[in-house]
Amino acid sequence: MANRITLEVTRYNPAHDEKPRPDTYEVPLRKEWVVLDALNYIKDHLDGSLSFRWSCRMGVCGSCGMMVNGVPKLTCATFLSDYAPGPVRVEPMSHFPVLRDLVVDTSDFLVKLAKSKPWIIRKVEKPLDEEYFQTPEQMDAYKQFSMCINCMLCYAACPVYGLDSLFSGPAAIALAQRYNLDSRDQGASDRLDILSHHEGIWGCTFVGECTQVCPKNVDPAAAIQQYKLTATMEWLKALVLPRGAE
Amino acid sequence: MNNPTEYLPRSYHTRVSTYWWLARWASVKFILREASSVFVAWIVVVTLLQIRALTRGPADYAELQNSLRSPLLLTLNAVSLAFVIFHAVTWFNLAPKAMVIRLRGKRLSSLAIAAPNYVAWVVISAAIAWILLRG
Amino acid sequence: MLFSAGGVVSAMLMPIHVLLFGLAFPLGWVDAPSYEHLLALVRHPLTRVYLFILCSLALFHWAHRFRFTLYDGLQIKHLNELINTFCYGGATLGTAVAAYLLWRIP
């Protein structure tokens with residue numbers, strides 16, 4: 001294995017660049033290095049002005065999402081040696097506005113996430129000294145969808161979100177479903193009102209790319225299809241029993 | 001962040017090209033899967049033409065049969081068959097994602113849900129073939 | 001909902017229809033059913049209902065899917081009134097034609 005590899009990293013300084021352009025850097029190729037290590041090497045030794053987000057460097061915080069050779073990846077979980085001999089193209093996450101270099105504006109996602117009401121909603125509160133019990137089966141029902149680290153790789157991969165930024169997106173819907181399926185939650189109808197519209201769950205055409213890129217195996221595509229099924233059942237129930245049977 | 005501020009003049013919005021789907025094989029497959037619906041619609045047209053010909057009499061029907069033998073229509077229908085099978089396979093393989101069925105606490109695997117669909121497909125197809133061919 | 005129903009119906013029924021009517025009969029792989037046999041089959045009310053459901057649901061499946069393909073594939077969402085009319089209008093028209101033809105079988 002060669003001991004150097006070339007990275008083509010997108011640079012963009014809004015103060016004096018018309019649009020983003022790539023800069024080339026040569027970094028050491030160490031077998032245990034990930035792309036994040038290469039970026040930090042660039043920042044430490046080659047070009048201190050390079051800006052990018054990262055934090056835990058172990059795949060749990062969701063900060064370091066970027067496009068590596070056109071595929072959305074967590075740079076702390078992507079081995080450099082997998083791309084030898086290179087060059088490796090590192091670009092900011094697709095479908096988000098670029099603020100600077102590899103840093104994108106994620107505020108749209110945060111707004112959508114908040115709309116999904118990702119918290120336990122109770123219609124009837126229990127007294128403070130009473131616990132909410134949950135069996136392993138009940139936890140199993142939503143556990144997969146709770147693994148989401150909000151890294152937004154699914155948004156970078158979703159063609160529908162890329163074409164229509166009004167679409168709620170995979171993670172927001174998957175997290176809504178995570179709470180809908182939680183036995184402690186009573187807010188399913190609230191979330192349904194918010195999400196069952198053209199730019200909510202019905203905007204999804206089940207491309208499936210979100211599931212392919214998710215680093216935590218959340219399977220947002222499945223969450224969305226299940227949610228569509230639930231929404232359809234609710235609609236049918238409302239049709240057949242207009243006064244509503246809870 | 002659409003309002004530029006003093007320290008962050010503007011963010012860059014990349015426009016998605018009309019040919020976005022050609023960049024990766026996964027997206028090409030997706031578009032092909034969606035395009036299969038066009039061939040489904042075409043088969044409906046063929047079926048309606050056949051019904052109309054049947055109504056009009058044996059001569060009309062024989063004429064339609066002849067046109068179905070033309071190289072153009074044979075090719076078109078062969079392509080339609082490929083797409084319609086592609087639709088069926090992708091549909092049955094994806095259906096389990098939407099349906100969470102639990103048996104005695106454990107979730108049924110994708111195969112357990114897809115397999116009955118395939119079996120039904122074969123049985124129904126065989127039944128239709130039998131009805132058509134036994135006359 | 002029509003989309004899913006149409007999807008299931010097209011997946012289950014279309015392949016055998018195309019295989020037989022599009023390839024096997026014209027190419028002579030099997031003996032094509034006679035005119036009389038087909039006419040007798042198609043006269044039966046159950047067959048008419050079956051064909052109506054097949055054609056109608058398949059068309060609405062196409063309409064829904066094609067509409068989204070035009071939005072996503074070609075990015076012409078701004079033409080959405082035109083697209084909707086073409087797709088859902090087309091499917092409705094096709095359904096009406098199917099109903100008419102199936103009704104008019106002697």
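Peptides B:68-74, C:34-40 ordered by packing proxy, namely the average of other Cβ atoms within 10 Å per residue, highest first: C:34-40, B:68-74. Scanning chain B for long hydrophobic helices, with DSSP H runs required to stretch 27 angstrom or more by C-alpha along their axis and to average at least 1.6 on the Kyte-Doolittle scale, returns B:110-133.
Gain on full extension, evaluated as 0.36 nm per residue between residue A:56 and residue A:26 minus their Cα-Cα distance, stands at 8.3 nm.
For the peptide A:225-237, the mean number of other protein chain Cβ atoms found within 10 angstrom of a residue's Cβ is 2.
Within 10 Å of the Cβ of each residue in A:201-208, the mean number of Cβ atoms contributed by other protein chains is 5.
Peptide B:121-133 has a mean of 5 when you count, residue by residue, the C-beta atoms of other protein chains within 10 Å of its C-beta. Please quote Rg/Rh for chain A to two decimal places, taking the Kirkwood radius as Rh and restricting both calculations to Cα atoms. On the Cα set of chain A, Rg over Rh gives 1.06. Using a Förster distance of 22 angstrom, determine the FRET efficiency expected from the C-beta separation of residue C:80 and residue B:38, and round it to 0.05. Computed FRET efficiency for residue C:80 and residue B:38 comes out at 0.70. Where a ≥ b ≥ c are the square roots of the eigenvalues of the C-alpha gyration tensor, would you call the range A:24-103 rounded, which needs a/c under 1.5, or, failing that, prolate if a/b is larger than b/c, or oblate? Rounded, since a/c falls under 1.5.
Calculated FRET efficiency, residue B:49 and residue B:130, Cβ-Cβ r, R0 30 Å, to nearest 0.05? The pair residue B:49/residue B:130 has a calculated efficiency of 0.80. The range A:128-183 and the range C:28-93 have their alpha-carbon centroids 36 Å apart.
Bear in mind these aren't lab numbers, they're just calculated from the coordinates by the rules spelled out. As the structure is a prediction and not an experimental result, all values here were calculated from the model. Note: ideal-geometry Cβ built from the backbone for every residue, glycine included; neighbour counts use all protein chains shown.
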